[in-house]
Amino acid sequence: MTTTSTETLMEKLTSLCKRRGFIFPSSEIYGGINGFWDYGPLGAEMKRNIKEHWWRSMTQDRDDVVGIDSSIVMHPRVWEASGHVESFADPMVDCKSCKSRFRADKLDEYRAEKGAKAPPTGCPSCGGELTDARKFNLMFKTFVGPVEDSASVAFLRPETCQSIFTNFKQVQTVSRKKVPFGIAQMGKSFRNEVTPRNFIFRSREFEQMEMEFFCSPKDDQRWFEHWVQQRFDWYVGIGVRKEKLRLRAQTADELAHYAKAAFDVEYEFPFGWQELEGIAHRGSYDLEQHAKFSGKDLSYFDEETKEHFLPVVIEPSAGVDRTFLTLLVDAYAEEQLQEGEERVVLRLHPKIAPVQVGVFPLSKKLAEPVLELAKSLRKEFRTFYDEAGAIGRRYRRQDEVGTPFCVTYDFESQNDNAVTVRERDSMKQERIPIATLAEYLRGKF
Ligand code: GAP
């Protein structure tokens, strides 16, 4: 197997995503808009698979976490209480000559990427002089109602978790959960990033999958360790190579204003080790702040000890789009085939692959029984029917989008009631009776 050079892997992935309908630049017919992306037919399917898998493992598979789905625009006081109005800002510098804008804390990273020989104070793209750093708040502002004045200012949420804190009491009451328990939510978040980059890695509109786990300050450490391990294992469970993942404790100067401690799950991207997910120990910061700003009692009453206390929070916070990018990067391979031919293959986990089974008639004349077969497989598997082009080309097309199995119905199938099943990674072919095909595939998944 030949691995692709790291300089061009991101370009190859971006072009594959566009060509095959995973991801397009947003509003492309108008020239695009920096930091915004659209998921096409295969991308939308794959994104749903990621989210469904997260939702299942975080809520349905356990009885100590429940889910919510809240509004994106919240009362503006929420963001004062959370500390976002005050401190959710990045330091920004401008180059005086070429006018490029950078995050002051990421200058070394940009320089390393460009291989620039600029002096440490110079600008990464042209070597020009930089302005002093200024703080830039990352929240998108909007107005609620017809009047655009300071009283109607609202924000698009920069993280999904705040509505979990504001709903803590209600959810706890209606679900009759006792601490320790968690509340999970997935959905869109918005950040006016200074420099969106690396395809969907850092964008201005993205999706998060967050869970706030409320526990007693007496057993917070145990839960912190539990969630760090559980979240690391989740990525391995959806097929990410373990050797490309690592856990890293955040240093004191990296910690967000609310965090007491945090671990990042990091992946080795072509542009270096980067955060995929953060698992933070938020203490009781958020409930304390919301209690203070709203004037409402958000404490929890423990019926056994007859004590009121503010639970502490352990938060695993993941990005849907970053997980998506990780899965693509990790799955992508170019292989030299025996005949001197090359193939591109996405070795996606069957749970995640947008298409699970490709179904082909060897000739268009055989379409009818194969359409029937596709219809029955569709009840259970994400199935794609294709009758166009030589069979080898149809296999390649499915390899490129990560389809784990292809089923070919040929002229012999009419006599032996069997089909050829081709496995994506080994390219091995097996003859399987149609009557047991679903069972065979189920076993493989
Ligand atoms: N509630 C905590 C929180 O939001 P964060 O580290 O700022 O923490 C959590 O974000 C995760 O959300 C990140 O690990 C990343 O996966 C994703 N994320 C954050 N900013 C992003 C961006 N601009 N583009 C894509 N994903 C982003």
task: For region 98-252, report the translational diffusion coefficient in µm²/s to the nearest whole number, using Stokes-Einstein at 25 °C, 0.890 mPa s, and a Kirkwood Rh over Cα pairs.
output: 124 µm²/s
query: Nearest-5 percent of antiparallel DSSP beta bridges in the chain?
result: 85 percent
message: Can you give me the angle between helix 220-237 and the longest principal axis of the chain, using Cα atoms only, in degrees from 0 to 90, rounded to the nearest 10?
response: 20 degrees
- prompt: So, by mean Cβ neighbours within 10 angstrom, what's the order for 56-62, 205-211, 433-439 with the highest one leading?
  reply: 205-211, 56-62, 433-439
message: Charges on Cβ only, +1 for Lys and Arg, -1 for Asp and Glu, centred on the Cα centroid of the chain; of P361, W37, S317, which one is farthest towards the dipole's positive end?
response: P361
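Counting only heavy atoms of the protein chains, get the accessible area per residue of the chain (1.4 Å probe) and round it to a whole Å² value. Don't skip to the end; give the middle numbers.
Details: 21430 Å² over 445 residues.
About 48 Å² of surface per residue is accessible.
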statement: The ³J(HN,Hα) series, computed from each phi in region 173-181 with the Karplus coefficients 6.51, -1.76 and 1.60 at θ = phi - 60°, rounded to the nearest Hz and given as x for glycine or proline, is 5, 5, 8, 6, 8, 9, 4, x, 7
- prompt: F136's amide H: which non-local residues (gap 5+, or another chain) put their own amide H closer than 5 Å, with H modeled 1.01 Å from N in plane and none for Pro or chain starts?
  reply: D90, M92
query: Any idea what angle helix 41-55 forms with the longest principal axis of the chain, computed on alpha-carbon atoms, 0 to 90 degrees, nearest 10?
result: 60 degrees
- request: Could you name the aspartates and glutamates whose alpha carbon sits less than 14 Å from that of K169, not counting residues in the same chain fewer than 8 places away?
  value: E212, D286, E288, D297, D302
query: Of the residues R101, R382, R20, which exhibits the maximal mean-square fluctuation in a Gaussian network model of the chain defined by a 10 Å Cα contact cut-off?
result: R101
task: Can you find, among H257, S203, M58, the residue farthest towards the positive end of the dipole of the chain? Put +1 on the C-beta of Lys and Arg, -1 on that of Asp and Glu.
output: S203
task: Would you work out what percent of the accessible area of the chain, with all protein chains in place, is carbon or sulfur (probe 1.4 Å)?
output: 51 percent
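Counting each pair of different Cα atoms once, what's the Kirkwood radius of region 270-392 in Å, rounded to one decimal?
Values: mean 1/r = 0.0490 Å⁻¹.
One decimal place: 20.4 Å for the Kirkwood radius.
For the chain, build the convex hull from the C-alpha positions and give me its volume per residue in Å³.
On the way: hull volume 85.8 nm³, N = 445.
Dividing the Cα hull volume of the chain by its residue count gives 193 Å³.
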Sequence-distant residues sharing a close amide H with S299 (under 5 Å, placed H): none
- prompt: So, how do all the Cα-to-Cα distances of region 208-275 break down into 5 Å bins, in percent, from 0 on up?
  reply: 3, 13, 22, 25, 20, 11, 4, 1, 0
task: Under 4.7 Å Cβ to Cβ, no partner at all: give me those cysteines from the chain, in residue order.
output: C17, C161, C215, C406
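Order 416-425, 258-267 from most to least packed using the mean count of other Cβ atoms within 10 Å. Don't skip to the end; give the middle numbers.
On the way: 416-425: 17.1, 258-267: 19.9.
For the peptides 416-425, 258-267, the packing ranking is 258-267, 416-425.
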query: Given charges of +1 on the Cβ of Lys and Arg and -1 on the Cβ of Asp and Glu, with all other atoms neutral, how large is the dipole of the chain about its Cα centre, in debye to the nearest 20?
result: 640 debye
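The values are calculated or read from the model by the stated rules, or taken from the named source; none is laboratory data. For clarity, every value in this text was computed on a predicted model and none was experimentally measured. Positions of Cβ are backbone-derived with ideal geometry, glycine not excepted, and every protein chain shown enters the neighbour counts. Protein only, heavy atoms only, side chains kept; ligands, DNA and RNA dropped before computing areas. Shrake-Rupley method; radii C 1.70, N 1.55, O 1.52, S 1.80 Å.
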